[in-house]
1. If I stretch the segment between residue 235 and residue 157 completely, what's the gain in nm (0.36 nm per residue apart, minus their alpha carbon distance), one decimal?
2. Report the Rg/Rh value for region 53-290, based on alpha-carbon coordinates and the Kirkwood definition of Rh.
3. Past 30 Å, Cα to Cα, is the threshold; run 216/291; 75/229; 95/244; 95/204; 160/216; 9/127 against it and keep the listed order.
4. Along its three principal axes, how long is region 1-52 when you only count alpha carbons? Whole Å, largest extent first please.
5. Could you list the residues of region 192-206 with an amide nitrogen less than 18 Å from a label point located 7 Å from the Cα of residue 63 in the Cα-to-C-beta direction?
6. Is there a quick way to get the dipole size of region 1-52? I mean about its Cα centre, with the Cβ of Lys and Arg at +1 and of Asp and Glu at -1; what is the value in debye to the nearest 20?
7. Report the local net charge at residue 273: Lys and Arg +1, Asp and Glu -1, summed over other residues whose C-beta lies under 14 Å from its C-beta.
8. For region 112-239, what are the per-bin percents of Cα-Cα distances with bins 5 Å wide, up to the bin holding the maximum?
Amino acid sequence: MSKMTNRIKSAQYVSGLESIFKCPICDSPMSVYELQSLVCANNHTYDFSKQGYINMLSHPIKTKYGNDLFEARRKLIAEGHFFEPLSSAIAQVIKEQKNPAFILDTGCGEGSHLSHICDTVSADLEKPVHGIGIDISKEGILAAAKNYTDKVWLVADLAKMPFKEEQFDIILNILSPSNYAEFNRLLNDDGLIIKVVPQSDYLKELREIVYDKPEKQAYSNADTVDLFKENFQVVNTSRIRYTKSLDNPLIHALVRMTPLTWAASEEKLKGFLDRESADITVDLEILIGRKTI
Ligand SMILES: [Zn+2]
């Protein structure tokens, strides 16, 4: 029964926002049909799932990111508050915008960042903001829809997002691949793109365990930052660096959600996984840009 409610709640919510959508196949406008599907003028039909998300991929894409990774990520973010200083900083930037009504998170995974950021902004501004999360991973979006009901969750391709031009006031892209042509198409003229990339000390304690060679332990984001600057008019860049103390269950969650540990042998990780606590460095750069008009 509660699953049924999720689907209907989500379909009702999307009904109020249907004008932002366009069909990923034929580009025509879309509307919600009988609280069951999002349908275009040419009858291309995408059903709301029981959990409330919509799968808008034309064919399924296998990713190597499974349920386990997204559950670990949710635990670390929602219970461990691992990225709390980051999401507060982003919420602060968004609150200073004139009218941040539509926030798109590209590569939202299991949705914790988007959910926390939208809820903070909405509470502080005392008005609703609409959060739309998109990810190519069905497992991620499924977890998002289960945990956070008052948002729009879509399985879709970042290279062809199912929205009309200039619909978004904020586009988030947090530790996730980009598609700058699409970001430029979807951002409105006053809108902001907020991209978060790792900085040199990000998770350095983990990298020191996984890699034997010091040159692999270091990390540079210079190319990513340069590419951002080529595509957007940079408004601000800032670095956010802090240390979080994790208990044993959160250490396990961190290892499960971090791709760099997947290639590491069990022996290497064992000592770390057995620890009662660990101090982990989070070191990120927040890039804020406007579209170049
Ligand atoms: Zn269509």
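1. 25.3 nm
2. On the way: Rg = 17.7 Å, Rh = 18.5 Å.
Radius of gyration relative to Kirkwood radius: 0.96.
3. Correct reply: 216/291; 75/229; 95/204; 160/216.
4. 34, 17, 15
5. Output list for this probe position: 195-198.
6. With Lys and Arg at +1 and Asp and Glu at -1, about 260 debye.
7. -2
8. 2, 9, 16, 18, 18, 16, 12, 6, 3, 1, 0
The values are calculated or read from the model by the stated rules, or taken from the named source; none is laboratory data. Worth saying up front: this structure is predicted, and the values here are computed from it rather than measured. Cβ: placed from backbone, ideal geometry, glycine included. Neighbour counts: every protein chain shown. Keep in mind that these areas ignore ligands, DNA and RNA; they rest on the heavy atoms of the full protein, side chains included. Shrake-Rupley method; radii C 1.70, N 1.55, O 1.52, S 1.80 Å.
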